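One structure is given here, and the rest of the page talks about it.
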Amino acid sequence: MRQSELFTKTTKEVPKDETSFNARALIRGGFIDKVAAGIYTFLPLGHRVHEKIKNIIREEMNAIGGQEIFMPALVPKDVWAATDRWDSFDVLFKLAGADKREYALGATHEEVVTPLLKKYVLSYKDLPKFVYQIQTKFRNELRAKAGLLRGREFSMKDLYSFHANEEDLGEYYKLAQKAYFKIFERCGLLDLTYLTFASGGSFSKYSHEFQTLSENGEDLIHICDNCDIAVNKEIIDEQRACPSCGNKKLREEKAIEVGNIFKLGNRFSKDFGFRYTDENGDKKDVIMGCYGIGPSRVMGTVVETHNDDRGIIWPEEISPFRVHLIGLKTQNSKLNADDIYNELLEAGVEVLYDDREVGAGEKFADADLIGCPVRIVVSERTLKKNSVEMKRRDGDDAELVGVDEITSKISDF
């Protein structure tokens with residue numbers, strides 16, 4: 001893409017009430033625009049990153065048997081009432097329709113997916129089943145002040161699993177854990193992310209969160225280095241011991257919750273009378289699990305953890321473009337930046353081409369703000385040597401690469 005064709009621009013100014021690093025960096029880099037507290041427009045660069053994260057999640061959910069659906073965001077009151085959550089779910093956005101009925105904007109979708117699967121799952125032969133969506137969620141947050149980390153409107157992948165018994169749920173639960181770590185690995189967060197024991201509430205003794213270490217995190221976790229797991233501060237017992245090995249030497253760290261998984265048991269199936277017929281002809285409650293991960297929150301977390309004083313440093317698989325090509329003025333060379341841009345496109349390289357009529361300093365500063373993994377500079381000086389200057393965003397040293405070696409070099413750079 002030619003940068004001159006982008007309708008957006010980088011900026012030095014951000015809203016005065018925007019205090020979170022991820023929002024400030026994303027606004028400055030031209031990735032998002034703030035509409036109101038906790039509500040953002042994803043601009044072309046930001047949309048590309050967001051879609052890449054969603055596609056990674058989609059691939060890993062499909063790999064563990066997930067079938068993608070898309071449920072409504074507008075949910076009638078009666079299904080919330082069926083689970084006694086119309087009054088107890090305190091962050092629901094509620095509204096009345098012209099039909100005089102009451103609705104809530106979807107904050108979660110157990111109330112929709114459970115009666116949906118009830119229509120199709122009748123016997124043990126129909127189980128297990130796994131369905132998911134990537135949907136916009138709405139929550140009436142009182143403290144929507146952390147950019148993409150705590151929004152009133154945000155993206156969420158929620159997968160729901162349906163089983164004949166707790167044992168089968170347990171096996172899939174482990175599979176989902178592994179899939180989540182694959183997602184975080186592909187998004188560049190694996191080394192900072194811990195499986196974290198959290199309260200299971202009314203569902204089970206424990207649920208599990210995936211917490212990514214960050215000095216700007218809102219959560220406190222206690223890490224067991226023996227087991228490489230953590231415990232959320234809200235459930236740490238008086239002994240301050242690891243629930244897995246009993247280790248009492250836990251270290252406290254700030255973290256951002258990037259995903260969570262729950263064993264729901266029959267909490268929702270019982271409310272909707274969702275039962276199946278087993279091998280003996282007996283009726284039994286369907287057992288459920290729930291698995292959530294927020295693509296927009298992952299995006300904000302990556303920004304919080306992958307940056308320097310010049311801007312964002314995107315992991316390769318979710319960067320808006322693989323290469324940021326910077327063309328400086330050339331007059332005496334037969335080859336120019338346009339030629340190299342076309343060559344990269346023909347080779348299938350995702351490239352953002354800064355072809356604007358602005359100074360070199362502004363181009364370099366914007367490239368650092370935007371944070372693509374590889375920067376290529378084409379100038380009169382480099383072309384005299386039949387080369388370009390290539391530099392990684394996370395490195396300090398640039399090297400000259402022959403113009404006939406550019407595409408082969410990028411894959412290893």
Charges only on Cβ, +1 for Lys and Arg, -1 for Asp and Glu: so what's the dipole of the range 229-313 about the Cα centre, in debye to the nearest 20? 120 debye
Do the alpha carbons of any pairs in Lys119/Lys145; Lys119/Lys174; Lys94/Lys145; Lys12/Lys94; Lys174/Lys254; Lys233/Lys263 sit beyond 32 Å of each other, and which pairs? Lys119/Lys145; Lys12/Lys94
By its C-alpha gyration tensor, with a ≥ b ≥ c as the square roots of the eigenvalues, how is the range 329-413 shaped: rounded for a/c under 1.5, else prolate for a/b larger than b/c, else oblate? rounded
Show me the ranking of peptides 111-117, 59-65 by mean Cβ neighbours inside 10 Å, starting with the highest. 111-117, 59-65
Cβ crowding within 10 Å averaged over residues, with 244-252, 302-310, 46-54, 359-367 ranked highest first: 46-54, 302-310, 359-367, 244-252
Debye, to nearest 20: dipole size of the chain, +1 on Lys, Arg Cβ, -1 on Asp, Glu Cβ: 760 debye
Using a ≥ b ≥ c from the Cα gyration tensor of the range 3-308 (square roots of the eigenvalues), is it rounded, prolate or oblate, where a/c under 1.5 gives rounded and otherwise the larger of a/b and b/c decides, a/b for prolate? oblate
Overall form of the range 200-260 per C-alpha gyration tensor (a/c, 1.5; a/b vs b/c): oblate
To test your reading of the geometry: what angle, between 0 and 90 degrees and rounded to tens, separates the Cα axis of helix 360-370 from the longest principal axis of the chain? 10 degrees
Between 0 and 90 degrees, rounded to the nearest ten: what's the tilt of helix 295-305 against the longest Cα principal axis of the chain? 50 degrees
Angle between the chain longest axis and helix 166-186 axis [Cα atoms, degrees, rounded to 10]: 10 degrees
Residues other than Thr305 with Cβ under 10 Å of its Cβ, Lys/Arg counted +1 and Asp/Glu -1, net out at -3
Run the dipole for the range 101-163 about the Cα centre, Lys and Arg Cβ at +1, Asp and Glu Cβ at -1, nothing else charged, and hand back the magnitude in debye, nearest 20. 120 debye
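Every read-out reported here was derived from the displayed coordinates using simple, explicitly stated rules and does not represent laboratory data. None of the values given here were measured: they were computed from a predicted structure. For neighbour counting, all protein chains shown are included, and Cβ atoms are generated from backbone atoms with ideal geometry for every residue, glycine included.
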